[in-house]
Amino acid sequence: MTGAASSARPALRDNLFARAFRTKTGAIAGGWLVLLALAAIFAHLLTPYEYDIQQLSAAYSPPSLSHWLGTDEFGRDLLTRILYGARISLSVSVISIGLSVLAGMVLGAAAGYFGGRLDRMITTVIDLSWSFPEILVALILVAIIGPGVTGTMVAITVAYLAQFARLTRAQVMAIKSETFIEAASGLGASHRHILFRHLLPNAITPVLVSGMLATGDAIILEATLGFFGLGAQPPTPSWGAMMSSGTALLFKAPWIIIFPGLAAAITVVSINLFGDALIAGLDVRSRPRVE
Amino acid sequence: MGLLEVDRLSVGIGRLTLLEEITFEVDRGEILGLVGESGSGKSLTALAIAGLLPLIGARVTAGAVRFDDTDLTRLDEYRLRKFRGRRIAFITQNPMTALDPLQPVGEQVDVVARLHLGLPADVARSRTIEILTQLRIPEAATIYRQYPHQLSGGMKQRVVIAMALAGEPDLIVADEPTTALDVTVQAQIIHLLTSLVRERGLALVLITHDMGVVAQCCDRVAVLYAGRLAEQQGVRSLFAAPAHPYTHALIDCIPKDGMARGSLTGIAGSVPSVAHFPSGCRFHPRCIGRQSVCEASVPAATALPGGAVACHFPLNGDARHG
Amino acid sequence: MATHDMADAANLLVIDRLTKRFDSGAGLFAPRRSMTAVRDVSLGVSRGSVVGVVGESGCGKSTLARLVLRLLEPTQGTVHFDGVDLGKLAPRDLRRARRRMQMVFQDPYSSLDPRFTIEQVVGEPFAVQGEALPPGRIAELLDQVGLAGEIARSYPHQLSGGQRQRVGVARALALRPDLLVLDEPTASLDVSIQAQIIKLLQDLKQDLGLTYLFISHDLGLVRYFCDRIIVMYLGAVVEELPSPSTEPRHPYTRALLDSTFSPDPGKRRHLASLTGEIPSAFNLPKGCAFAARCSRASSRCLSERPTLTTHASGHRAACFHPIVADEKEPS
Amino acid sequence: MTAYIVRRLLMLVPVFLAVSVVIFLIIHLIPGDPVDNLIKIGSGPEQRAAIVARYGLDRSLPEQYLIWLAGLLRGDLGTAIVAQRPVSTLIAQALPHSLALGGLSLLVSAGAGIVLGAVAMRYRDGPIDQAIMGGVLLGSTLPTFWLGLLMILLFSVVLGWFPVSGARTWSSLVLPVMTIGLAGTALVVRVTRIAMIEAAQKDFVLLLHAKGLSPSRIRLRHVLRHALTPVVTILALRIGWILGGAVTVEVVFARPGLGTLLIKALNQHDYPVVQACLLMLAMAVMLGTLVGDILQAAIDPRVRANLK
């Protein structure tokens, strides 16, 4: 019995990813993400250049055979910096969103399941912060914590928390009103049993998918903070920081801005497309049969 | 010649055939009960008559819907609209969701007369109030200005009926008009609808799953099962001597006064879904009298006095009691 | 009073003056509103009997079912099950008590967790009660409710409504309960399936010696299936019929009876004996809740709330102007 | 309705107080002595004493908050550390530019979004729909600042149609509004399309068809009207989101405005200015939700009924 129970659920999620990969857009988008992640991890093996060694004689080189994507104002190879930048951009957004999903789920599930005063307290705070744009919340936090990777991560985690808490709460509330929850309490089930055997397994998938989509937004947020000079500090390469030279270099060496932005854009578009493919495959099991 | 003749009508969505060769007719002053369980295709038949199939992505694949000698299935959308709401009115199942929540209910009735009868706004308005009053709505002028959420379920269904009557139609198609209502309100609405139809000599197709409603209100009955017509007869003969085993079993599913405990057994098996319609006679897996031919071939409709039945082994009058 | 005590000994379930009030809208700037879903309901269910509770939407019948099983806490009143006051039980004891009283729900679609297989659904009671699943018990239960054993590994969405409802019954039977509360178990099923389920419930009751509290809006079905009938209107019991064939005294019960459509075209009758609709439970009138729709209502009915009075053995009605035997409505 | 607006305004008061507490606390949450955060580096002891006296920094935190709040209500937002001018003057200079940019972008987003969303719904799943939804995907994923830079590159540098930066002429608004508008439009298109598709499946729409009304009339007068409720909700909730876009875009286009002021102040650790900018943006968000709620009540009688 219990064996069947625990084996049934992971299988369900595996199917979801497999299904998404089997669609055309899902495969292309997912493929890019996997490649980028691998390239970021093995960046030191893939490129002959270092990300932080300046070579002023090669500054402002346009894309060429030796520097595929050109060099920046210090003569550093742009492709190398983009790959190393992917490390920062991806890990910062994935980790921060992961924390955000986790905390949001705990808050949302607690509010939705227990209701009452706890719910009112959590919802008030959450709704308040939700109505403020993420960038604003992030700016406030960065103002407090100070610029840098830590500040960016805390900012992203908190900025998206409200979204996940709201979604989890809504999910939990909806599932809580289903009769099978009542049936379980009628059998004498404990809060723990209801939360972990019924509510969360049914609520978790949409939250995870929206977490996945939010990772894309987080990459942009990270880049934006970097662009303002509030993210990872030099010489650490992050996509946003690389572009922060801003308008000044736009005329002289547009590739410095175009390529990191393009990397971010393709990644975010891929995340969205893959997310859409995931959603399309969602919840076939709980769909009612055709009558 | 009936006012409405549904002739060997088939309806499909994609590659699925949902309705097959449905045939029946209704005349002015007549109430036809269209009975069936879920998946029988009764709502689909209603949509087909009103030409509303495209809205749900379905289409007529064969057959005709002749209304006053015009085949509606051959009309384009523009000409079909001259019939809809004007000569053929439609009442949907759930009054809670049938009205536009953002518009006062009176205006929703007005629009029919303004559109089809060309009445100016003020005339349409007083006519609406008149119809609402006829439907025994107290203080109709007040109700006229209210929004749907301010009205009870029964009141909303009266407004929907008023919308149906506003175009002075010849035919009303009512799809389970009372299923969503409370028992006591159900009785009021059914009574109101059927008596209005009789007073005005309209034709009514009353779609329902409730054999009780059929017995109390209808003149003739068509029984649908899994997308096909099982049987069609006058109401008295149908209840006295159902020819199709399904009809017989369906009547026996309703508890009656003084019935002994345990005499209600239901029909074994379950109502098939569209994707899994059985071969041959679609009722055969659930039929007590089935034989091998029932599984192999589709029974053709054979004539009965005042009706038809599609069964290889129709019951005669005695079999019902045997 | 002596008869009362004797009745209690025979009763498996005794509900005494049960009341449930819901408060809502306690927002920052919104006024608090309260609604009494169940008001002062008392009734006893004797062992091996089927008691039907019938009424329309908002009459409180489903709330009553949940109060009985302690899925909701009553505002006032007590529920005794087999002589034990459920309200006084510690959580641990209440959980144990739940083994003996189970519920079958109206909606067979939402009453099964879509992520559970059928065997997980039927086995859940054992898991919840921390008990080893006896080998072969699932197959036995499925067989009892007329389902094939192969179904055990299916998911709910692969089953028809009738099959799901059978699964719901099997789950309720898993721990061999004494009492089943059936909350409109057939209301969302097709007619042909409804009759099947009723037949199944009848057979199970016979074989397992069960007691049923049967909640329904369908007076015809209740009269067929139940030994005693409780009629509720807007939270309160308006009439208690000792047998399904008892002629009603309360005008509301009469109206319910007249509103059922007999499947016999030979017995057509004027159907609409009742006007108006059920008022909102949020602002109930001071007097009889039914007075506004009742043709027999007097000024007394508008100002004073009638209480249940006994008319014959086991036949009680809450009406100042009950229908007497010789003035039956023409049928 | 008036009573509702008044009540809704009153409900903003606690929200405003909560937000102001957070913004007030910034000064104390950042590491270091608050005095240092309010004063130029290298200032003498007299200046320090003046700051301590002015903000009551020797008193308890609640007292400090009240002093700060009282100043706020008088329009005294403090003195900018770097510019050494009253913050209110800086804000007054920046605000009109931000309002013009934000307001115009909002109008463009709403107008273009609703029209395109309705068009996409009308030709659902066809090539037109797919084209619009492709644009939506780009509009909602491309980083705003990057998009702005590309716009400058294309329209100003290559084509030379619009000025690169600044706010001296109206034409300088075109590119910034397009940049923010693309993201805003994408959002509105998405919501409009989905809301219309959902509304079109409602029972009452079936009945409207059954009454013989023309499909275009049903779409425009009923389905679109229903779809407006969620669109208004989203627009109201995300007004701040559009303003957030404005912050970035101002920096990219080097336009004067709250965003530029805020980013500059953040980089210069000019906290009184940071506080004031955040406060202004927060108030815009609050007023946005207020307007959204009022619009919703105007559209939907059920919302009005719930107000009573």
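The values are calculated or read from the model by the stated rules, or taken from the named source; none is laboratory data. A quick note: this is a predicted structure, and the numbers were derived from the prediction, not measured. Glycine also receives a Cβ, built like all others from the backbone with ideal geometry; neighbour counts cover every protein chain displayed. Calculation scope for accessible area: heavy atoms of the full protein, side chains included, ligands and nucleic acids excluded. Shrake-Rupley method; radii C 1.70, N 1.55, O 1.52, S 1.80 Å.
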Under 16 Å by backbone N from the virtual spin label 7 Å along Cα-to-Cβ at D:SER165, the residues of segment A:218-243 are A:227-229, A:243
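So, R0 is 51 Å and r is the distance between the beta-carbons of A:LEU45 and D:VAL303; what FRET efficiency does that work out to, to 0.05?
Details: r = 60 Å, r/R0 = 1.18.
In this case the efficiency is close to 0.30.
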Provide, as a two-decimal number, the C-alpha radius of gyration of segment A:1-158 over 2.2 N^0.38 Å, N being how many residues it has.
-> 1.46
Quick one: if you stick a label point 7 Å off each Cα along the C-beta vector at A:LYS24 and C:ALA10, how many nm between them?
-> 7.6 nm
In sequence order, what are the phi-derived ³J(HN,Hα) couplings for segment B:18-34 according to the Karplus relation 6.51 cos²θ - 1.76 cosθ + 1.60 with θ = phi - 60°, rounded to whole Hz, with x for glycine and proline?
-> 9, 10, 10, 6, 7, 9, 6, 9, 9, 10, 4, x, 10, 10, 9, x, 10
To the nearest 10 square angstrom, what accessible area does D:MET283 show with a 1.4 Å probe?
-> 70 Å²
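Just want to confirm a number: the relative contact order over chain C, from Cα pairs under 8 angstrom separated by 6+ residues, in percent. Each step should come with its number before you reach the end.
Details: 580 pairs, mean separation 63.4, N = 331.
Averaging sequence separation for qualifying contacts and normalising by length gives 19 percent for chain C.
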Which parts of segment B:233-261 would a label at B:ALA303 reach, counting a residue when its backbone N lies under 14 Å from a point 7 Å out along Cα-to-Cβ?
-> none
Once all protein chains are kept in place, C:ARG305 shows an accessible area at probe 1.4 Å, nearest 10 Å², of 100 Å²
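With each run of n ≥ 4 DSSP H residues scored as -39500 (n - 2.57), what mean residue ellipticity at 222 nm is computed for chain A after dividing by its residue count and rounding to the nearest 500 deg cm²/dmol? Mind showing how you got there, number by number?
Details: 11 runs with 202 residues, N = 291.
Result for chain A: -23500 deg cm²/dmol, rounded to the nearest 500.
Order the following by accessible area, largest value first: B:THR45, D:THR169. Probe radius 1.4 Å; ligands, DNA and RNA are ignored.
Numbers: B:THR45 0, D:THR169 75 Å².
Result, largest first: D:THR169, B:THR45.
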Report the label-to-label distance for C:ARG33 and D:VAL13 in nanometres (one decimal), using points 7 Å from each Cα along the Cα→Cβ vector.
-> 2.7 nm
Give, to the nearest whole percent, the P(r) tail of chain C beyond 25 angstrom, counting all Cα pairs.
-> 55 percent
Mean shadow area (nm²) of the C-alpha convex hull around segment B:87-233 is 9.0 nm²
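Solvent-accessible area per residue for segment A:71-142 at a 1.4 Å probe radius, Å²?
Values: 2610 Å² over 72 residues.
I get 36 Å² per residue for this part.
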Alpha carbon centre of segment B:97-132 versus segment C:223-269: separation in Å?
-> 39 Å
Nearest-0.05 FRET efficiency for C:LEU302 and C:LYS267 at R0 = 30 Å, using Cβ-Cβ distance, is 0.30
Taking N as the number of residues in segment D:11-73, what is its Cα Rg relative to 2.2 N^0.38 Å?
-> 1.22
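Take the alpha carbon gyration tensor of segment B:126-206, find the square roots of its eigenvalues, order them as a ≥ b ≥ c, and report rounded if a/c is under 1.5; if not, report prolate when a/b exceeds b/c, else oblate.
Values: a/c = 1.84, a/b = 1.16, b/c = 1.59.
Since a/c reaches 1.5 but b/c is at least a/b, the shape of segment B:126-206 is classed as oblate.
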Whole-number accessible area per residue in Å² for segment B:189-272, which is evaluated in the context of all protein chains at 1.4 Å = 28 Å²
Segment A:219-262 and segment C:87-157: distance between their alpha carbon centers, rounded to Å = 59 Å
Estimated buried accessible area (total), pair D and A, 1.4 Å, Å² to nearest 100 = 3300 Å²
Dividing the surface of the Cα convex hull of segment D:151-308 by four yields a projected area in nm² of 13.1 nm²
Assuming 0.692 mPa s and 37 °C, estimate D for chain D with Stokes-Einstein, Rh taken as the Kirkwood radius over Cα pairs, in µm²/s.
-> 149 µm²/s
Taking 0.36 nm per residue of separation between D:ALA83 and D:THR2 and subtracting their Cα-Cα distance, the length gained on full extension comes to 24.8 nm
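What FRET efficiency comes out for A:LEU38 versus D:GLN130 if R0 is 41 angstrom and r is the Cβ-Cβ distance? Round to the nearest 0.05. Could the numbers behind the result be given before it?
Details: r = 31 Å, r/R0 = 0.76.
Between A:LEU38 and D:GLN130 the formula returns 0.85.
What does the buried accessible surface come to for C and A, summed over both chains, with the probe at 1.4 Å? Round to 100 Å². Don't jump to the answer; show the numbers that get you there.
Numbers: alone 16920 and 15440 Å², together 29630 Å².
In total, chains C and A hide about 2700 Å² from solvent.
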Distribution output for chain A: share of Cα-Cα pairs per 5 Å bin in percent, first bin at 0, values 1, 5, 10, 13, 15, 14, 12, 10, 7, 5, 4, 2, 1, 1, 0, 0
In whole angstrom, note down how far apart the Cα centers of segment D:231-279 and segment D:72-129 are.
-> 9 Å
For segment D:90-307, dividing by residue count, accessible area per residue (probe 1.4 Å) in Å² works out to 38 Å²
Which part of segment B:206-225 falls in the paramagnetic zone of B:ARG28, meaning amide N under 20 Å from the point 7 Å along Cα-to-beta-carbon?
-> B:206, B:219-220
Give me the percent of Cα-Cα pairs in the protein assembly as shown that sit more than 43 Å apart, rounded to a whole number.
-> 53 percent
Two decimals is fine: what is log10 I(q)/I(0) at q = 0.19 Å⁻¹ for segment A:88-169, from a Debye sum with one equal scatterer on every Cα and no solvent?
-> -0.77
How long are the semi-axes of the ellipsoid equivalent to chain B, from square roots of 5 times the Cα gyration tensor eigenvalues, in whole Å, largest first?
-> 36, 22, 17
Whole-angstrom Cα spans of segment D:85-181 along principal axes, big to small | 57, 31, 22
Kirkwood hydrodynamic radius over Cα pairs of segment C:128-229, then Stokes diffusion coefficient at 4 °C and 1.567 mPa s, in µm²/s | 89 µm²/s
Under a 1.4 Å probe, counting only protein heavy atoms, C:HIS80 has an accessible area in Å², nearest 10, of 60 Å²
Say each of C:ARG17 and D:SER216 gets a label point 7 Å from the Cα, pointing the same way as Cα to Cβ; how far apart are those two points in nm?
-> 7.1 nm
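Rounded to two decimals, what is the ratio between the C-alpha radius of gyration of segment D:1-144 and 2.2 N^0.38 Å? Write out the running numbers ahead of the final one.
Values: Rg = 23.5 Å, N = 144, 2.2 N^0.38 = 14.5 Å.
Ratio of Cα Rg to 2.2 N^0.38 Å: 1.61.
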Roughly speaking, what % of Cα-Cα pairs in segment C:54-183 are separated by over 22 Å, rounded to a whole number?
-> 41 percent
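Keeping the other protein chains in place, figure out the carbon and sulfur percent of the accessible area of chain D, with a 1.4 Å probe.
Numbers: 9130 of 13520 Å².
So the carbon and sulfur contribution to the accessible surface is 68 percent.
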